[in-house]
Amino acid sequence: MAGMTSSARPLLNRRLAEFGTTIFAEMSALALRTGSINLGQGFPDTDGPEEVREAAVRALRDGRGNQYPPGPGIPELRTAIAAHQQRRYGLAYDPDTEVLVTAGATEAIAASLLALVEPGDEVIALEPYYDSYAASVALAGGTRVPVTLRPDGNRFRLDLDELRDAVTGRTRMLLINSPHNPTGTVLTREELAFIAELAVERDLLVVTDEVYEHLVFDEAEHIPLATFPGMRERTVTISSAGKTFSFTGWKVGWVTATPELVTTVRSAKQYLTYVSAGPFQYAVAEALALPDSYYTGLRDDLRAKRDVLAAGLTEAGLSVFHTAGTYFVTADIRPLGESDGVAFCRALPERAGVVAIPTAVFYDHQEAGAPFVRFAFCKKKEVLEEAAHRLKGAAASG
Ligand SMILES: Cc1ncc(COP(=O)(O)O)c(C=O)c1O
């Protein structure tokens, strides 16, 4: 290796220089070291439906998907994705030309940005944002322009004037996420209609991350952006099987969009993974055909878990925002006399035996997110009850 690197030059290329080790690695290590309950990372501690797991086993045994599947994804899965969009939302997509299977939503996001964004293009994203957005914009050479969701009563709200003002002559794309990680906000019909009108008026592309589409509670409703007037032709809709079917390790995601957009995104995707998850694609095709009762059951289960965690956090003295969607609760630590979420989360494992994520790490304007902390509730009910018990105990003794 001698002579291959200059000591004056960092190994990591400058586009990624600001992205060090993620907070998740630090917090998960802390959870292990302290024996804490890890409500940091958002993955379920129970696998999804047995019949879906069995479908994957069958595919493996039958030799379906053990070799490279077709580049756009297996036809069975593309057909199932198109049928899902039609059945749920009345959106018609041609499985042959308007659906692309990806290695999770994460690859769909990366490929969309790499394919559609030129250096110098601005990408508007709602802040706080899922951490891969910033890295994918950076890899594409784009400039991210955050628009901050701010607390308004018990939810985080998008300031529509701020969004309109963020659009410039260099704006290429709106990168939207609803239901929204980490705040648990679900954009309303009015907010989505405003975004759609703005995109049409300013001729912007829209990439919409809808991985939590089935995780909406109470009165909240998920409405895909592609259903609004003028949006189908400019929108790349992204979702994945991880959250909906509780198999986050399978990394089966997808894009639905016009043939032109799908072909463009595929140009980048083919050089990232080309293809992935062969046997799991067959299993997800079967999962997407599960009856409505599956989706209702998933929602009911998660709603009950949300309520256990939210009640525990409230009793422990935190101020809890309403989660309308996703499996995260965001809480404000200021009622505890604290204001620095990063310090709070670093101390929480020792203090209470619970790990959470400081929301500030998902902001460019870190001060806007400083007092907020995110807890995941996609865990067994007894785990959440124990976490709530520990938090209350720590609050009482603190
Ligand atoms: C908003 C959002 N988008 C995308 C993903 C990643 O999805 P996948 O596991 O399918 O890559 C996550 C996972 O946490 C997420 O929260």
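Filtered by the rule that a residue be in contact with a Ser or Thr (Cβ under 9 Å, 6 or more places away or on another chain) and more than 14 Å from K380 (Cα to Cα), segment 28-40 gives L30, G40. Would you mind stating whether C378 is of a type outside the set (F, W, Y), surrounded by 22 or more Cβ atoms within 10 Å (Cβ to Cβ), within 29 Å of G297 (Cα to Cα) and in contact (Cβ under 8 Å) with a residue 24 or more places away in the chain? Here the answer is yes, as C378 does meet what is asked.
Consider V145 carefully, then state whether it is crowded, with 19+ Cβ neighbours inside 10 Å, among the hydrophobic types (A, V, I, L, M, F, W, C) and away from the ligand (no atom under 16 Å from the Cβ). Considered against the rule, which asks whether it is crowded, with 19+ Cβ neighbours inside 10 Å, among the hydrophobic types (A, V, I, L, M, F, W, C) and away from the ligand (no atom under 16 Å from the Cβ), V145 comes out as yes.
Taking segment 251-309 as the search range and keeping residues that are within 15 Å of the ligand (Cβ to nearest atom) and charged (D, E, K, R), which one is surrounded by the most Cβ atoms within 10 Å (Cβ to Cβ)? Step by step, filter segment 251-309, then rank; the result is K269. Residues considered: L139, L158, L100, L113. Of these, the only one that is touching a helix residue (DSSP H, G or I) at 6+ places or on another chain (Cβ under 7 Å), assigned by TED's automatic domain parsing to the domain that holds Y271 and surrounded by fewer than 21 Cβ atoms within 10 Å (Cβ to Cβ) is L139. Considering only segment 319-329, I want to know if a residue exists there that is more than 29 Å from Q86 (Cα to Cα) and assigned to a loop (DSSP other than H, G, I, E, B). Checked segment 319-329: at least one residue is more than 29 Å from Q86 (Cα to Cα) and assigned to a loop (DSSP other than H, G, I, E, B). State all residues of segment 5-34 that are of a type in the set (K, R) and not in a helix (DSSP H, G or I); if no residue qualifies, say none. R9, the sole residue that qualifies.
Residue-by-condition table, conditions (1) in contact with a Gly (Cβ under 6 Å, 6 or more places away or on another chain); (2) over 20 Å from D209 (Cα atoms):
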site	(1), (2)
T256	no, no
S267	no, no
P279	yes, yes
Y295	no, no
K305	no, yes
E315	no, yes
H322	no, yes
F328	yes, no
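If you go through segment 209-246 and keep only what is in a loop (DSSP other than H, G, I, E, B), more than 16 Å from the ligand (Cβ to nearest atom) and either in contact with a helix residue (DSSP H, G or I) (Cβ under 7 Å, 6 or more places away or on another chain) or over 26 Å from D307 (Cβ atoms) (or both), you end up with F217, I223, F228, P229, G230, M231. For segment 92-138, a residue qualifies if it is free of Cβ contacts under 8 Å to residues at least 60 places away in the same chain and farther than 23 Å from L163 by Cα, and the qualifying residues are A92, P95, D96. Return a yes/no flag: does segment 351-359 have any residue that is out of contact with any Ser or Thr (no Cβ under 6 Å at 6 or more places or on another chain), farther than 27 Å from L149 by Cα, of a type outside the set (K, R) and outside the structural domain of P179 (by TED's automatic domain parsing). Yes: segment 351-359 contains one or more residues that are out of contact with any Ser or Thr (no Cβ under 6 Å at 6 or more places or on another chain), farther than 27 Å from L149 by Cα, of a type outside the set (K, R) and outside the structural domain of P179 (by TED's automatic domain parsing). Listed by position, the helices (runs of 4 or more DSSP H) inside segment 72-143 whose residues that are under 19 Å from the mean Cα position of the chain (by Cα) number at least 3 are 104-116, 131-139. Looking only at residues in segment 1-23 that are in the same structural domain as V354 (by TED's automatic domain parsing) and modelled with pLDDT under 85, the one that is surrounded by the most Cβ atoms within 10 Å (Cβ to Cβ) is I23.
The values are calculated or read from the model by the stated rules, or taken from the named source; none is laboratory data. These figures come from a predicted structure and were not determined experimentally. Reconstructed Cβ throughout: ideal geometry from the backbone, glycine too, with neighbour counts over all protein chains shown.
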